[in-house]
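Undergrad: The structure that follows is given in the form of structure tokens.
The values are calculated or read from the model by the stated rules, or taken from the named source; none is laboratory data. Bear in mind that the values here come from a model prediction, so they are computed numbers and not experimental data. Neighbour counts are summed over all protein chains in view; Cβ atoms, including those assigned to glycine, are modelled from backbone coordinates with ideal geometry.
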Amino acid sequence: MSDAAIPVAVLTDDSSDRHDVPGHPETAARLHAILDHLGADPELRRLPALHVPEADPEVVLGAHQDAHVRRIERAARSGGAWIDPDTYCTDRSYEVALRAAGAAVEGVSRVCSGDVGSAFAIIRPPGHHATRDRAMGFCLFNNAAVAARAAQRHHGLARVAVVDIDVHHGNGTQDVFYDDASVLYCSLHQWPLYPGTGRRSETGEGAGAGATVNTPLPPGTTGEDWLAAFDEVVAPALRAHAPELIVVSAGYDGHRADPLANLRLDTTTYAEVARRLAGIAAETAGGRMVWVLEGGYDLDALSASVAATLRTLGSSEGRGEGPA
């Protein structure tokens, strides 16, 4: 990161209000809670907010089959539909999902150009359960996977890492990159839990053998033990891969207050993992990181944890200048 670069910027968009079903846990209220929290904080409300363009559908095809993209478009154009019992599509969800992917891709463009050190796309719907050809688990398009592939295809990066800190395993991201050694996928997640993937034995196949690193953790895992697992498994894998960009699937549903899972993380855990990731990004990637919002369903815990992440990324340690 150049001395003139902005340490951290956010990308968000109010279009997500048009992707909403009352009573569903993945609701527009999630983004409102985060943005209200940031707006009430004198330090965080000064963070630069970057323009969010709509992603070109061709960019989304970096991670998805054309039939999948067209299927979501048709569902929206026909007035909306339930993709599965958990995953909905409204009449505007195709546009909203494209804009969410566009925010992640724009974050990549800004960090690769040196404008900002880190970017955080505060967007929805989330993405890490969306496979190459299937929407599921609240997710339509895989924003983190689209961003990682855009970094390679449009900015010439050879090695990218996706680090998934959501409490649920990112089966979709694993699916996209399972046979690709150029993208390291690392996940720390509760086990057993939806979607039932993410065993340690799932390590990639073909050319991608060894480039998938799963760290399943039992219910009740504390923040201290979760960070120890990060240090013991994820950090060495990242350093060995030496990514030129780290994309973070930033789920906050591992928080002890979250209603959908049973880990015992807290806001300090998320601040700490941001500090650790920033240190590794400084070593291998010139500090370049793009954070992409995934889960988190207790509104107070979610908003406080995102704020803690952003506060760390904006600090000297978040720029990789502090102690490792």
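Undergrad: Looking at (1) in contact (Cβ under 8 Å) with a residue 60 or more places away in the chain; (2) of a type in the set (Lys, Arg); (3) over 27 Å from residue 105 (Cβ atoms), find the lone condition where residue 311 falls short.
TA: Residue 311 satisfies every listed condition except (3).
Undergrad: Can you name every residue in the stretch 279-290 that is assigned to a helix (DSSP H, G or I), more than 12 Å from residue 235 (Cβ to Cβ) and under 17 Å from the mean Cα position of the chain (by Cα)?
TA: Matches in the stretch 279-290: none.
Residue-wise test of (1) modelled with pLDDT of 95 or more; (2) touching a helix residue (DSSP H, G or I) at 6+ places or on another chain (Cβ under 6 Å); (3) among the small types (Gly, Ala, Ser); (4) surrounded by 22 or more Cβ atoms within 10 Å (Cβ to Cβ).
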position: 162; (1), (2), (3), (4): yes, yes, no, yes
position: 174; (1), (2), (3), (4): yes, no, no, yes
position: 183; (1), (2), (3), (4): yes, yes, no, yes
position: 187; (1), (2), (3), (4): yes, no, yes, yes
position: 201; (1), (2), (3), (4): yes, no, yes, no
position: 229; (1), (2), (3), (4): yes, no, yes, no
position: 233; (1), (2), (3), (4): yes, no, no, no
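Undergrad: Name every residue in the stretch 52-80 that is at negative phi and touching a strand residue (DSSP E or B) at 6+ places or on another chain (Cβ under 8 Å), in order of residue number.
TA: 52, 72, 75, 76
Undergrad: If the Cβ limit is 8 Å and pairs must be 6+ apart or interchain, which residue in the stretch 161-176 that is under 13 Å from residue 147 (Cα atoms) pairs with which residue that is among the aromatic types (Phe, Trp, Tyr)?
TA: Between residues of the stretch 161-176 that are under 13 Å from residue 147 (Cα atoms) and residues that are among the aromatic types (Phe, Trp, Tyr), the close pairs are 161/185; 162/177; 162/185; 173/185.
Undergrad: Let me ask something else. Can you list residue pairs whose Cβ atoms sit under 7 Å apart, with the first residue in the stretch 261-289 being at positive phi and the second being in a strand (DSSP E or B) and at pLDDT 95 or above? Count only pairs 6 or more apart in sequence or on different chains.
TA: 287/117
Undergrad: Still on this structure, please answer the following. Condition first: touching a residue at least 40 places away in the same chain (Cβ under 8 Å), farther than 19 Å from residue 143 by Cα, of a type in the set (Gly, Ala, Ser) and out of contact with any Cys (no Cβ under 6 Å at 6 or more places or on another chain). Can you find one or more residues in the stretch 69-92 that meet it?
TA: No, the stretch 69-92 contains no residue that is touching a residue at least 40 places away in the same chain (Cβ under 8 Å), farther than 19 Å from residue 143 by Cα, of a type in the set (Gly, Ala, Ser) and out of contact with any Cys (no Cβ under 6 Å at 6 or more places or on another chain).
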